[in-house]
Amino acid sequence: MDARGERAEEEVIQCPPGSVMIPGLIDAHVHLDLDPTIMKPDDQFTPSRHDRDLRMIARAQAMVRAGITTARDLGAGEWREILLRDAIARQEVPGPRLLCVGQPLTIPDGHCHFWGGVADTKSAREEVIARQLDREVDWIKIMATGGVFTPGSRVDGAQFSESEIEHVVTVAARAGRAVAAHCHGREGIRNAARAGVRTIEHCSFAGKGGFGVDYDPSVVSEIASREAWVSPTINGNWQHRIHKNGERTDFYRRTRAVLAGLREAGVPLIASTDAGIPGVHHHGLWSGLVAMAHYAALSPREALCSATSESARALGLEDVCGVLRPGLSADLVILPGDPLKDLGQLSQPLWVVAQGNVVRRP
């Protein structure tokens, strides 16, 4: 049966010798309303709304054709990605299953304040959350620190206290929603972990000297004790930041140390790219997985799990997708070769089936 409850037309897929079937991939952090070819945040609003909608639809199609059958959209300002989510669910346009947060909570002039989720009091935070719930969001997001994308915003500066984030978690939980927290700096990461958010985005331990300079094992222990997931938002461009002049870069060494500490503490990692930020295209999860395997010292199997079964658990979709099992959604990708031997096989899917619908053929 398809999403409308109608019997879908059967199609036989002939798998060539040597091909391998895997579950559909999950990107746990994207922004469908952001154009990765636009470098400045303010310029994102220059094209007409109609043009931006068409580009967003095209990005969704490119994602699902690349084998990304589920994605979590972690922020925009006009809820257009929610309309797209619903259109995909009605099978009006092709795209991945979407989970959306709408407008993330932030502070005046804080990270992504231009999306409209500014809240500097308890009542304002409740109002922002209520506005997102009225739009039927799937998650709530809070900007626990500043971010790279917003000029004047400090990545090492905490934007909300532990108690303020805990209040957001409580209000969201009453509505049956989990909370994702954007966190770069150490204090913001600690506040979010102690407050009980479900996923910590980035978790870069950034300071004035760059990513990883403020790494703190005690904060990692807090994350592990609260059983949160970390979504490190590693994209394919990070592969170009491993070496410089034949030597390992400071960025690589610091980031690898952070990820090693998280793994040693037992904190699960989920695949995510932050697609939509400058230069990070929405259909490039496969190259992000290759980079993530390098930085986090993951085996191909561990990298694949971070984008399938582990991500499904983090997003609360373990009874929907993430593994190939009778009774779950028919989300699957057929590759020409074995990704457990070469993750590069993910770059060239032969077939992609999303929620029972063939969206890519050889």
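Select, from 2, 42, the only residue that is farther than 24 Å from residue 273 by Cα and modelled with pLDDT under 95. Working first, answer last.
Details: 42 fails: farther than 24 Å from residue 273 by Cα.
Result: 2 is the single residue among 2, 42 that is farther than 24 Å from residue 273 by Cα and modelled with pLDDT under 95.
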Inset, instruction - All but one of (1) buried (at least 17 other Cβ atoms within 10 Å of the Cβ); (2) touching a residue at least 40 places away in the same chain (Cβ under 8 Å); (3) outside any loop (DSSP other than H, G, I, E, B) hold for residue 251, so report the exception by its number. - result: (1)
Inset, instruction - Filter the range 281-337 down to residues that are touching a residue at least 12 places away in the same chain (Cβ under 8 Å), acidic (Asp, Glu) and out of contact with any Cys (no Cβ under 9 Å at 6 or more places or on another chain), then give me how many there are. - result: 1
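Give me the strands (runs of 3 or more DSSP E) completely within the range 1-103, filtered to those with at least 2 residues that are in contact (Cβ under 8 Å) with a residue 60 or more places away in the chain and closer than 22 Å to residue 182 by Cα, ordered by residue number. Break it down stepwise before answering.
Numbers: elements: 20-23, 25-30, 68-73, 97-100.
The strands (runs of 3 or more DSSP E) meeting that bar are 25-30, 68-73, 97-100.
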Inset, instruction - Check off (1) surrounded by fewer than 21 Cβ atoms within 10 Å (Cβ to Cβ); (2) in contact (Cβ under 8 Å) with a residue 12 or more places away in the chain; (3) over 29 Å from residue 189 (Cβ atoms) for residue 353 and give me the number that stays unchecked. - result: (1)
Inset, instruction - Hey, could you check the range 176-189 for residues that are among the hydrophobic types (A, V, I, L, M, F, W, C) and surrounded by 22 or more Cβ atoms within 10 Å (Cβ to Cβ) and say which is farthest from the chain's Cα centre (by Cα)? - result: 189
Inset, instruction - Sort out which residues of the range 89-107 are of a type in the set (A, V, I, L, M, F, W, C), in contact with a helix residue (DSSP H, G or I) (Cβ under 6 Å, 6 or more places away or on another chain) and crowded, with 17+ Cβ neighbours inside 10 Å, and write them in order of number. - result: 98, 100, 105
Inset, instruction - Go through the range 63-86 and give me each residue that's farther than 16 Å from residue 26 by Cβ, aliphatic (A, V, I, L, M) and either surrounded by 16 or more Cβ atoms within 10 Å (Cβ to Cβ) or at pLDDT below 95 (or both). - result: 76, 82, 84
Legend entry - Scan of the range 253-270 for residues that are closer than 30 Å to residue 44 by Cβ and out of contact with any Pro (no Cβ under 9 Å at 6 or more places or on another chain), ordered by number: 254
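Please pick out the residue among 173, 158, 195, 206 that is of a type in the set (A, V, I, L, M, F, W, C) and surrounded by fewer than 17 Cβ atoms within 10 Å (Cβ to Cβ).
Values: 158 fails: surrounded by fewer than 17 Cβ atoms within 10 Å (Cβ to Cβ); 195 fails: surrounded by fewer than 17 Cβ atoms within 10 Å (Cβ to Cβ); 206 fails: surrounded by fewer than 17 Cβ atoms within 10 Å (Cβ to Cβ).
The match here is 173.
Go over the candidates 301, 313, 325 one by one and state the one that is at pLDDT 95 or above, more than 17 Å from residue 232 (Cβ to Cβ), not hydroxyl-bearing (Ser, Thr, Tyr) and not in a loop (DSSP other than H, G, I, E, B). Can you show your working first?
Working: 313 fails: more than 17 Å from residue 232 (Cβ to Cβ); 325 fails: not in a loop (DSSP other than H, G, I, E, B).
Exactly one residue qualifies, and that residue is 301.
If we keep just the residues of the range 325-337 that are in contact with a Ser or Thr (Cβ under 9 Å, 6 or more places away or on another chain) and surrounded by fewer than 18 Cβ atoms within 10 Å (Cβ to Cβ), which is nearest to residue 67 (Cα to Cα)? Write out each step before concluding.
Of the residues in the range 325-337, the ones in contact with a Ser or Thr (Cβ under 9 Å, 6 or more places away or on another chain) are 329, 331-337.
Now drop any that are not surrounded by fewer than 18 Cβ atoms within 10 Å (Cβ to Cβ), which leaves 336-337.
Values: 336: 13, 337: 15 Å.
Filtering first and then ranking leaves 336.
Scanning for something within 14 Å of residue 158 (Cβ to Cβ), touching a Pro at 6+ places or on another chain (Cβ under 7 Å) and crowded, with 19+ Cβ neighbours inside 10 Å, does the range 223-240 turn up at least one residue? Can you show your working first?
The first filter runs over the range 223-240 and keeps only residues within 14 Å of residue 158 (Cβ to Cβ), leaving none.
No, the range 223-240 contains no residue that is within 14 Å of residue 158 (Cβ to Cβ), touching a Pro at 6+ places or on another chain (Cβ under 7 Å) and crowded, with 19+ Cβ neighbours inside 10 Å.
If only one of 59, 52 is more than 24 Å from residue 312 (Cα to Cα) and either β-branched (Val, Ile, Thr) or within 22 Å of the chain's Cα centre (by Cα) (or both), which one is it? Before you say what the answer is, go through the steps one by one.
Numbers: 59 fails: more than 24 Å from residue 312 (Cα to Cα).
Matching residue, one of 59, 52: 52.
The values are calculated or read from the model by the stated rules, or taken from the named source; none is laboratory data. None of these values were measured; they are calculated from a predicted model. For neighbour counting, all protein chains shown are included, and Cβ atoms are generated from backbone atoms with ideal geometry for every residue, glycine included.
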